[in-house]
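Single-structure report; data block below.
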Amino acid sequence: MTNGKPGAFDKLQAALSDAEQRDPESEAIYAPAEQGMTRRTFLKYVGAGLLITVMPLEVLGQTFRRGRGEKGPGVSVAARIHIGKDGTITVMTGKVEGGQGARTELTQAAAEELGLPPDRVQLVMADTDLVPDDGITAGSGSTPRTVPAVRHGAAAARALLIAFAAKQWAVDAGAVEVRDGKAVHAATRRELTYADLAADADQAKALQQPAPEGVVLTPVKEWKALGQSVARPNARDIVTGAHRYPSDMTAPGMLYGRMLRAPSYGAKLTNLDPAAVQAIPGAVLVREDSFVGVVAPTTFAAERAVAALAPTAAWETADQPGSKTIFDYLRQHTHEAVQPNPYAADVGAAAKSLKQTYTVAYVQHAPLEPRSALAAWDGGKVTVWLTTQNPFGCRNEISRALGLNATDVRVIVPDFGGGFGGRHTGEEGVEAARLARAAGKPVLVRWTRREEFTWACFRPAGVIDIEAGLDAAGTITSWYHVNISGGNFGGSAVGTPYRVGKAKSQAVQADSPLRTSSYRALAATANNFAREAFMDELAAAAGRDPLEFRLAHLDKADDARLRAVLETAAKRFDWAGRRGKREPGVGVGLACGTEKGSCVAACAEVAVEQGEIVVRRACEVFECGAVLNPGNLTAQVHGCLLMGIGPALREEMQFEKGAVLNASFSKYLVPRFRDVPELDIHLLDRPDLPSAGAGETPIIVIAPAIANAVFHATGRPIHQMPMRLAKDEKTAEAGHS
């Protein structure tokens with residue numbers, strides 16, 4: 001997928017796609033125009049120019065700090081930049097665009113170092129035959145790892161253009177600068193372009209190697225492309241409907257596939273009558289051991305075939321816990337022993353002590369686009385278009401499932417509508433590839449919303465125990481925090497950022513009756529909720545204001561970043577003024593946290609009426625180092641904040657005996673427009689710090705801020721997500737401490 005501009009590269013892709021779909025000798029496999037370049041034709045294209053390869057920096061023995069070219073943390077990614085003889089710049093990356101803004105950010109990164117406006121840079125993403133393996137798009141890793149790699153490659157190209165021009169003109173390289181994609185010698189008004197560089201035969205030979213050492217990146221104070229609110233390159237296609245998501249992919253002669261799903265988790269198929277499918281015109285049954293699906297000429301026919309097949313299936317079910325007993329189940333099915341509090345004696349001797357248990361439910365990622373995949377075979381090779389954050393991992397998954405070499409599987413990921421940590425696997429690609437191989441034709445598999453809600457991944461449920469002691473001055477003297485979660489994702493933010501004397505934290509994995517995966521910010525959503533709610537209870541026990549209590553446990557020097565976001569949020573929200581008001585049923589709360597190298601704080605105002613929690617206002621301040629794109633970053637913070645409101649107030653999976661009970665948006669209640677509070681989003685730009693990722697951390701503080709506001713309004717602390725209040729609960733006057 002290119003960056004959306006109708007440039008030469010896009011036109012070439014479209015022309016090649018049309019030609020290859022007509023050419024029986026072509027390697028193309030019914031590729032849509034916007035994704036249709038094969039490796040053979042792509043290499044023919046890039047052969048007319050220079051390919052600059054940036055290897056993993058550890059391999060080169062190089063480390064670079066953003067903006068200075070100094071030695072710093074290693075960057076384990078690769079990036080390739082191609083300069084066409086016509087001057088077209090093409091950047092290739094294995095990262096995907098799932099709504100987080102990676103396409104824009106990586107385009108800006110290349111443009112900045114090349115000395116070009118972003119609209120003159122083409123970007124090819126997530127095609128395993130064409131791009132380097134930049135790793136999974138997760139963990140807010142694109143900004144701190146892939147952006148520096150792309151910048152390094154682009155800066156190398158700029159340095160080569162300067163050296164080339166200096167040699168041509170017999171001048172010192174320091175007298176040459178790059179402006180608008182041209183090397184310029186101001187004294188003589190001479191110019192050379194990237195096209196001139198690419199056309200030079202000697203340069204073409206010299207550049208078939210890693211970029212040279214010592215490349216210096218553009219300092220933040222000189223940024224022109226970065227640091228600006230550049231719009232998404234293919235935004236027009238998205239808003240006009242021209243963009244094709246994975247579920248929109250088509251191919252000549254394509255069939256539609258549907259799977260026969262088990263009635264519950266752990267159920268095994270024991271009997272099936274294949275004759276039921278024969279009554280549906282054009283439908284064909286595909287069965288490989290426990291894999292059972294159908295293909296048909298239309299989606300309707302495929303659905304009819306599965307509906308006819310389902311009553312003939314016999315299943316052996318398995319005992320499974322339900323959502324009402326899940327927390328006891330987790331405690332009883334841990335993979336390791338929960339270590340007791342080593343500071344129990346300190347707690348017993350403390351002036352005051354507190355011990356609480358917090359629970360968080362399973363929640364769905366609820367992406368805009370359910371899983372989908374189109375698979376098409378060409379001899380013994382298969383190309384799969386699908387929705388994933390992990391193109392190379394899915395390529396390997398598909399190859400293993402089908403008994404192929406990884407080189408015989410090509411995965412292409414068009415821009416899609418959100419992953420949130422739940423798109424790491426490629427089961428829909430495996431399904432489509434298996435069905436297509438059996439049918440001998442391309443097959444499109446689109447999961448229904450019910451399938452997505454039932455058979456995709458969930459944020460793990462968890463039980464969190466916290467215990468702490470206070471001395472006579474209200475200072476935390478010991479801290480104990482244990483997260484028991486259904487899945488190996490409980491460690492994020494399990495440690496406290498506060499100065500608490502003695503501290504012990506542990507993340508314990510337990511068996512999970514539902515399929516779990518990472519979620520936006522992993523377990524930091526759960527651990528920050530529990531920790532920050534507990535901090536308000538400790539503040540109440542100490543007779544301290546929650547803001548004052550937190551600041552007293554943050555070092556002014558070592559914790560300056562977290563203090564800055566907390567103090568800024570409190571000031572913008574008018575914490576002292578709002579906290580001092582006495583309005584029945586209304587409360588204010590705050591929370592802060594750090595994760596993925598960034599810091600965030602939020603304040604919230606809620607109204608509690610007849611057991612219903614209404615979030616009236618929210619202020620969030622976020623700091624992630626030097627800001628690369630303020631507009632996109634603000635949108636990410638908005639998205640995180642609103643997404644975080646859902647699990648805080650209503651979102652939770654309900655299940656019993658292995659069956660999901662609320663597998664639809666009518667029963668699983670994500671935030672609606674009426675749930676959006678008055679918002680104040682503020683970014684703290686730190687040009688003196690490396691840029692950190694921002695797709696996750698802003699979600700971690702809104703839930704505890706709401707919980708603490710409810711505590712303030714009612715006098716009753718919140719210990720669970722989603723939050724529950726009795727319908728007849730009487731609210732206390734605001735100002736409770």
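Go over the candidates 474, 491 one by one and state the one that is of a type in the set (Gly, Ala, Ser) and under 21 Å from the mean Cα position of the chain (by Cα). Full working, then the answer.
Values: 474 fails: under 21 Å from the mean Cα position of the chain (by Cα).
Result: 491 is the single residue among 474, 491 that is of a type in the set (Gly, Ala, Ser) and under 21 Å from the mean Cα position of the chain (by Cα).
Looking only at the range 237-244, decide whether some residue is in contact with a Leu (Cβ under 9 Å, 6 or more places away or on another chain), at negative phi and surrounded by fewer than 19 Cβ atoms within 10 Å (Cβ to Cβ). Walk me through how you get there before you give the answer.
From the range 237-244, those in contact with a Leu (Cβ under 9 Å, 6 or more places away or on another chain) are none; that's our starting set.
No: the range 237-244 contains no residue that is in contact with a Leu (Cβ under 9 Å, 6 or more places away or on another chain), at negative phi and surrounded by fewer than 19 Cβ atoms within 10 Å (Cβ to Cβ).
Summed over the range 414-460, residues that are of a type in the set (Gly, Ala, Ser) and in a helix (DSSP H, G or I) total 6.
Considering the range 106-137, and only residues there that are crowded, with 22+ Cβ neighbours inside 10 Å and of a type in the set (Gly, Ala, Ser), the residue that is nearest to residue 518 (Cα to Cα) turns out to be 126. Only one of the numbered conditions (1) assigned to a helix (DSSP H, G or I); (2) farther than 25 Å from residue 524 by Cβ; (3) in contact with a helix residue (DSSP H, G or I) (Cβ under 9 Å, 6 or more places away or on another chain) is violated by residue 645, and that is (2).
The set of residues in the range 239-259 being over 22 Å from residue 305 (Cβ atoms) and not hydrophobic (A, V, I, L, M, F, W, C) consists of 240, 241, 243, 244, 245, 246, 248, 252. Run residue 691 past the list (1) surrounded by fewer than 19 Cβ atoms within 10 Å (Cβ to Cβ); (2) of a type in the set (S, T, N, Q); (3) under 30 Å from residue 226 (Cα atoms) and report the number of the one that doesn't hold. Every condition holds for residue 691 apart from (1).
Contact map, the range 552-573: residues that are among the acidic types (Asp, Glu) paired with residues that are assigned to a helix (DSSP H, G or I) and modelled with pLDDT of 95 or more, Cβ distance under 9 Å, separation 6+ or inter-chain. Pairs shown: 555/563; 567/547; 567/551. Can you find a residue in the range 204-219 that is at pLDDT 75 or above and of a type in the set (S, T, N, Q)? Yes: the range 204-219 contains one or more residues that are at pLDDT 75 or above and of a type in the set (S, T, N, Q).
Kindly indicate which of 366, 305 is in contact (Cβ under 8 Å) with a residue 40 or more places away in the chain, more than 30 Å from residue 252 (Cβ to Cβ) and not in a strand (DSSP E or B). Result of the check over 366, 305: 366. Only residues that are small (Gly, Ala, Ser), surrounded by 21 or more Cβ atoms within 10 Å (Cβ to Cβ) and farther than 20 Å from residue 368 by Cα were counted across the range 453-480, and they come to 5.
The values are calculated or read from the model by the stated rules, or taken from the named source; none is laboratory data. Here the structure is a predicted model, which means the values were calculated and not measured. Note that we place each Cβ from the backbone using ideal geometry, even for glycine, and neighbour counts take in every protein chain shown.
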